[in-house]
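Undergrad: Submitted below is the structure of interest, expressed as structure tokens.
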Amino acid sequence: MTYTANTFVAKVDRRNPDHQVLALAGEILREGGLVAFPTETVYGLGANALDADAVARIFAAKERPANDPVIVHIHALEQLEQIAIEIPVLAYQLAEKFWAGALTLVLKKSDAIPLNVTAGRNTVAVRMPAHPVALAMLAKAGVPVGAPSANRFSRPSPTTAAHVYGDLNGRVDVIIDGGNSDIGVESTILDLTTPVPTVLRPGGVSLEELRAIVPALAFRPQYLPADVESAPAPGSLIKHYSPNAELLLFRGKPDVVITAMRKTADQYITEGKTVGILAPDADVLNFEGLNIQIALLGRTVAEYAARLFAGIRALDDMPSDIILVREPDDDGLGVALRDRLLRAAEGKVVEVPEHAPETL
Ligand code: AMP
Ligand code: MG
């Protein structure tokens, strides 16, 4: 079963979005249709979160397994009480600091939220996105909007309307093109229903930022094999965000890692394979002279995040047989980047020892 539609792409100016387009999108959502829309993290594929049939269309369009719940998006704090019950004070403190923004809170669900939104759980994930187009569209819709990322299941997340079109043309009623997603990785998911607040997925809000408000924060991302029956923390499958190419993630000191990447690239090229490298700008000169394709990840960790999924898609489309990438630092946004790269690599990490043997 899939969902079919005549996809209409509407380009809007994010500073001054066309209210007719947003009103139409709101109406389509209320009537049970699917609307892809920009957020500051990645593009979302939205449906009325109060309508189980509409939510079922998201799963059909994405070919997403029913055991992977979706995040509910709101534009105003007042909507929270429609979605969740027994909301702790901490939720409001976090909302005050981080909403609108890249933090998703997991709370006890209300009866208004159908069970396919939460994949049968009694908890619901909620976020208020910061993108002006998303906020304006949610206000026009009036209903809370369930929205996972607007990609086909297990493909790299979409950070442009073109990515959404490539994956979902013919399966979504409207794609609102509001430009590139600024952050480029998904929201941080924080579970407030556990005895200790627990980060289930690192994302756009860093662990350091959260610890300023929740000092006793637990961090428990899950990496499960792709064939697991029911994913306890959804989105936790190790195969996620996958390119068609094989992606190899290199871990170790930057200089030995770069040497190892050059050698690996050389070997594959000798075998007649096409090699792509994802690299921060500062690394590029190290790969000079190799017959490879490079996707540039910029000069800062924020640029890296904003370009990551687009870079993976670009190398994949060229196409590349193999994509090599060096693991970024483990702080700030880097924690989320490592998580996404590990999943894109399906868990395959090349550990490079400090004194790499010559024969590597
Ligand atoms: P996305 O992966 O961007 O499509 O967003 C959906 C993700 O939100 C899921 O894969 C989960 O990781 C997370 N999520 C949604 N609802 C819940 C929930 N009730 N409990 C825990 N995580 C959730
Ligand atoms: Mg996703």
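The values are calculated or read from the model by the stated rules, or taken from the named source; none is laboratory data. Everything numeric in this text was worked out from a predicted model, so none of it was measured. In this analysis, Cβ positions are derived from the backbone assuming ideal geometry, glycine residues included, and neighbour counts consider all displayed protein chains. Side chains are part of the model used for accessible areas, which takes the heavy atoms of the whole protein and leaves out ligands, DNA and RNA. Shrake-Rupley method; radii C 1.70, N 1.55, O 1.52, S 1.80 Å.
Undergrad: In the stretch 12-43, what residues are over 14 Å from Pro132 (Cα atoms) and assigned to a strand (DSSP E or B)?
TA: Val35, Ala36
Undergrad: Let me ask something else about it. Within the stretch 274-289, count every residue that is surrounded by 15 or more Cβ atoms within 10 Å (Cβ to Cβ) and not polar (S, T, N, Q).
TA: Adding up the residues that qualify gives 8.
Undergrad: Inspect the stretch 7-27 for any residue being touching a residue at least 24 places away in the same chain (Cβ under 8 Å), crowded, with 16+ Cβ neighbours inside 10 Å and within 19 Å of the chain's Cα centre (by Cα) and give the result as yes or no.
TA: no
Undergrad: Is it the case that the stretch 109-117 has a residue that's closer than 18 Å to Ala130 by Cα, within 19 Å of the chain's Cα centre (by Cα) and either surrounded by fewer than 19 Cβ atoms within 10 Å (Cβ to Cβ) or not acidic (Asp, Glu) (or both)?
TA: No, the stretch 109-117 contains no residue that is closer than 18 Å to Ala130 by Cα, within 19 Å of the chain's Cα centre (by Cα) and either surrounded by fewer than 19 Cβ atoms within 10 Å (Cβ to Cβ) or not acidic (Asp, Glu) (or both).
Undergrad: Going by the structure shown, is Leu50 in contact (Cβ under 8 Å) with a residue 60 or more places away in the chain and either under 14 Å from Ala161 (Cβ atoms) or assigned to a helix (DSSP H, G or I) (or both)?
TA: no
Undergrad: Taking the condition of being open to solvent by 10 Å² or more (accessible area, probe 1.4 Å), over 19 Å from His163 (Cβ atoms), away from ligand 1 (no atom under 11 Å from the Cβ) and in contact (Cβ under 8 Å) with a residue 40 or more places away in the chain, how many residues in the stretch 60-82 meet it?
TA: Counting residues in the stretch 60-82 that are open to solvent by 10 Å² or more (accessible area, probe 1.4 Å), over 19 Å from His163 (Cβ atoms), away from ligand 1 (no atom under 11 Å from the Cβ) and in contact (Cβ under 8 Å) with a residue 40 or more places away in the chain gives 7.
Undergrad: Related question: Kindly indicate whether Ile87 is without any contact (Cβ under 8 Å) to a residue 24 or more places away in the chain and open to solvent by less than 40 Å² (accessible area, probe 1.4 Å).
TA: Judged against the criteria, Ile87 is a match.
Undergrad: Considering each of Thr188, Thr193, Thr159 in turn, give the residue that is in contact (Cβ under 8 Å) with a residue 60 or more places away in the chain and open to solvent by 10 Å² or more (accessible area, probe 1.4 Å).
TA: None of the others qualify; the one that does is Thr193.
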